[in-house]
Amino acid sequence: MPNCGGSESGIFTRLQVERLEDHLDEGLTAMIADLQRLTQANMSADIDRFVAAMDAGAHPPEDF
């Protein structure tokens, strides 16, 4: 659970730390890919709403 205030300490081998770093890097890569997909989906939805507003005449050319 994030920010629960718990902590642990220990002694780990170099291999264990490298595996953890690899796992964290994979997680970061997945999060960045998810963010890119979400950003693209949001932008696409924004464009769809804008086009629908233009088609409905909600924004005449004088607005621009």
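Read the figures in this text as sums done on the coordinates, not as results from a lab. Values in this document were obtained by computation on a predicted structure and should not be read as measured data. Neighbour counts run over all protein chains shown; Cβ positions are idealised from the backbone, glycine included.
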Coil-residue GluC sites (Glu not before Pro) of the chain, DSSP, other Cβ within 10 Å capped at 14: Glu8
For the range 1-49: rounded, prolate or oblate by the Cα gyration tensor [a/c cutoff 1.5]: oblate
Most fluctuating residue given options Ile11, Ile32, Ile47, as computed from a GNM of the chain linking Cα atoms under 10 Å: Ile11
Principal-axis tilt of helix 14-55 within the chain, Cα atoms, nearest 10 degrees: 10
Starting from the Cα of Ser9, step 7 Å along the direction of its Cβ; do the same at Ile32; then give the gap between the two resulting points in nm. 3.3
